[in-house]
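Student: Have a look at this one before I ask anything.
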Amino acid sequence: MLKVLTIDGPSGSGKGTVAKILSQKLGWELLDSGALYRLVAFGALKHGIELDDVDKLAELALTLDVEFKLEEGNELLVPVFEGENVASQIRTEKCGDAASKVAALTPVRDALLDRQRAFATEQGLIADGRDMGTVVFPSAPVKVYLSASAEERAERRYNQLKASGESVSIAAILDEIKARDDRDMNRSVAPLKPANDAIEIDSTHLSIDEVVSQISDALSEVG
Ligand code: C5P
């Protein structure tokens, strides 16, 4: 049986955090598929490729010069793009926004498909994103769809940015989150939606630990 746990959901639902905790707890590999779309967007911005130049973007996605490396003192993988550690550069709002634009293009998604599937190992994989359970790993035995209200997600993002010293308005963050949801949920290719066999968890009023424990229970049920 394919040992893959998929966690899909909108941005800010906590899926990245939950995936990291579970991967450390279980010793499974991690695929942050959003990072791949962010890297395509980052590469396009770096090389002056227009975000609607489908052919060049698909070529970039196919030949993406990226490695995920374990950095000393950091138990998580960092993306090294064209020889440069770009972990923080791909996390900006600009890059996230550009990522959701390139992610709406079918040739870009097709170009990333095999690369994503290659992350599956016998040891086990936790894959987080928007279409992990619906498109990339449709036969995963446990699929989770993690959501939270847009207001709650905006507040979490606001607190994160405030803690890192950035001054931002919560209203602007909420608008950005709603625009990104709209684009991700209403695109024609691989729209964000729960797989038919996904366990749906609304984390609006749950702590990270509570979400982790619900998913751990679901995993132990399938053995
Ligand atoms: O999850 P993250 O915010 O890093 O993803 C950035 C963007 O990449 C998302 O807004 C979404 O448009 C896109 N994405 C996707 N499919 C995935 C993961 C991310 O379309 N599996």
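The values are calculated or read from the model by the stated rules, or taken from the named source; none is laboratory data. Given the structure is predicted, the values throughout are model-derived calculations rather than measurements. Note: ideal-geometry Cβ built from the backbone for every residue, glycine included; neighbour counts use all protein chains shown.
Student: Out of (1) assigned to a helix (DSSP H, G or I); (2) without any contact (Cβ under 8 Å) to a residue 24 or more places away in the chain; (3) closer than 23 Å to Leu31 by Cα, the odd one out for Arg157 is which?
Tutor: (2)
Student: Within segment 7-24, is there a residue that is within 17 Å of the chain's Cα centre (by Cα) and in a strand (DSSP E or B)?
Tutor: The answer is yes, given that some residue of segment 7-24 is within 17 Å of the chain's Cα centre (by Cα) and in a strand (DSSP E or B).
Student: Considering every residue within segment 53-72, establish whether at least one is surrounded by 15 or more Cβ atoms within 10 Å (Cβ to Cβ), assigned to a helix (DSSP H, G or I), within 12 Å of the ligand (Cβ to nearest atom) and acidic (Asp, Glu).
Tutor: No, segment 53-72 has no match at all.
Student: For segment 2-58, how many residues are at positive phi and in contact (Cβ under 8 Å) with a residue 12 or more places away in the chain? Walk me through it before giving the result.
Tutor: Of the residues in segment 2-58, the ones at positive phi are 9, 12, 14, 27, 48.
Checking which are in contact (Cβ under 8 Å) with a residue 12 or more places away in the chain leaves us with 9, 12, 14, 27.
Looking only at that region, the number is 4.
Student: Another question, then. With respect to the numbered conditions (1) away from the ligand (no atom under 12 Å from the Cβ); (2) under 20 Å from Ala127 (Cβ atoms); (3) not basic (Lys, Arg), which one is the sole condition not fulfilled by Ala44?
Tutor: Going through the list (1) away from the ligand (no atom under 12 Å from the Cβ); (2) under 20 Å from Ala127 (Cβ atoms); (3) not basic (Lys, Arg), Ala44 breaks only (2).
Student: From the list Ala98, Ala140, which residue is small (Gly, Ala, Ser), touching a residue at least 12 places away in the same chain (Cβ under 8 Å), within 30 Å of Asp65 (Cβ to Cβ) and in a loop (DSSP other than H, G, I, E, B)?
Tutor: Working: Ala98 fails: in a loop (DSSP other than H, G, I, E, B).
Going through Ala98, Ala140 in turn, the sole match is Ala140.
Student: Within segment 165-201, track down each residue that is of a type in the set (A, V, I, L, M) and under 27 Å from Thr134 (Cα atoms).
Tutor: Looking only at segment 165-201, we keep the residues that are of a type in the set (A, V, I, L, M), and these are 168, 170-174, 177, 179, 185, 189-190, 192, 195, 198-199, 201.
Passing the criteria: Leu174, Ile177, Ala179, Met185, Val189, Ala190, Leu192, Ala195, Ala198, Ile199, Ile201.
Student: Now for a different question. If you go through segment 80-135 one residue at a time, how many are of a type in the set (Asp, Glu), within 12 Å of the ligand (Cβ to nearest atom) and at pLDDT below 95? Working first, answer last.
Tutor: Pass one, segment 80-135, residues of a type in the set (Asp, Glu): 82, 84, 93, 97, 110, 114, 122, 128, 131.
If we keep only those that are within 12 Å of the ligand (Cβ to nearest atom) too, we end up with 93, 97, 128, 131.
Remaining after also requiring at pLDDT below 95: 93, 97.
The qualifying residues number 2.
Student: Another question about this same structure. How many residues are in a strand (DSSP E or B) and not polar (S, T, N, Q) if we restrict to segment 77-95?
Tutor: So the first thing to find is which residues in segment 77-95 are in a strand (DSSP E or B), and the list is 77-81, 84-85.
Next cut, not polar (S, T, N, Q) only: 77-81, 84.
Summing the residues that are in a strand (DSSP E or B) and not polar (S, T, N, Q) in segment 77-95 gives 6.
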